[in-house]
Amino acid sequence: MTDTVPLPHALPSSRTWSGIHPSADSAADAYSARWIPDQVRDDGGWVAHGVDHADPVAISGTIPAPSAPIAADVAWAAFVRRDRAYDGRFVVTVSSTRIYCRPSCAARRPRREHVGFLPDGAAARAAGYRACRRCLPDDVTRDATAVRRALTLLDDAERPLSLADLAASVGYAPHHFQRLFTRATGLSPAAYARDRRAARAVAALRAERNVTAAIYAAGYAAPSRFYADTAALGMAPTAWASGGAGERVAWCVLPSPLGALLVAHTGRGLCHVAFDEGVEALAALLPAATLVEADPGEQARALHWLETAAVPLDAALPETQRRALFLAAVRAAAREEGQTYRVLLRLPETGG
């Protein structure tokens, strides 16, 4: 077997690939065979497959779980469209130049018969390839680590972090890290930080039951920023502090790319969204509100927010972070709709 995966268009036949890059490590060959299914062995036999290649979703860019095997035709399609979502999931080897690249490398695409796929840079270097100097494929791991660290810093921050401070904490220049973070998560650092502040504001309102106390408990230096962040919480801060008293809250459970979501909203907008929760959790969150199952129109509104939300692109992120980012994106979509609605009807921002 070769060190690189034969191309998906190659059919079982007497043609073999053993003369291209023969491997001296049978264990590495076995590992590669497990990593990408549907490859053609040198003897013309098929490696057992686990992906339905007739499924158009698999070709359209849906990102498999980080541990899921990637079929060779899916890897090739990602490489052709320079799909950044697959950076870090595999590297592309080019036999004619002996280099390996990220799937998103901006260089001109080589001929298909010169292309193979390996799980990471270490496997490519062991096979005699060198890293592309244009796309720097070995930096993918460093980038992903920086994004994960930045998310943790933003989750734990008691006071706002500037972009410069955040980038310096993970060892990047501010503007470069802004692009890197946004590409990996679907949100800018500022947007994610704003969502975290709003979540802390809700928690403070529930704990303090007093708007003024909640403002400072949530880490706000002034009420103005607090009211700006809570304008998209579906109800006034005083209503949150009273457990939703006087509010009608429509709820539904909808599917999403990362699991089933409980979505709850008022006439003003989204007030709660969470994975793996039911109406019982919502009743505990808003004990004084009137909870009703969403009608078809209200379900369509909630579904629109989910469809608008940007799914985090970096499949290498931990599931907890991907889910947190998706929830933030749903809230951002609802917030944008609410801002448009208020502009059209000239409604004031939600006050106390």
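Using r as the Cβ-Cβ distance of residue 162 and residue 292, and R0 as 45 Å, what FRET efficiency do you calculate, to the nearest 0.05? The calculated FRET efficiency here is 0.60.
When only the Cβ of Lys, Arg, Asp and Glu is charged (+1, +1, -1, -1), the dipole of region 138-230 relative to its Cα centre reaches about 240 debye.
Label positions at residue 96 and residue 310, each projected 7 Å from the Cα along the C-beta direction, are separated by 3.5 nm. Using Cβ point charges alone (K and R +1, D and E -1), the dipole size of region 198-303 about the Cα centre works out to roughly 400 debye.
Please list, by residue number, everything in region 128-151 whose backbone N is under 11 Å from a paramagnetic label point 7 Å out along Cα→Cβ of residue 80. None, by backbone N distance to the label point. Separation of region 90-146 and region 244-282, taken as the distance between their Cα centroids, equals 43 angstrom. Computed from label points 7 Å out along Cα-Cβ, the spacing between residue 153 and residue 126 is 3.4 nm. With the convex hull drawn around the C-alpha atoms of region 148-293, the volume per residue stands at 114 Å³.
All of the numbers you see were taken from the coordinates with simple rules; none came from a lab. This is a predicted model, so every value here is computed, not measured. Counting neighbours? That spans all protein chains shown, and the Cβs are built from the backbone with ideal geometry, glycine included.
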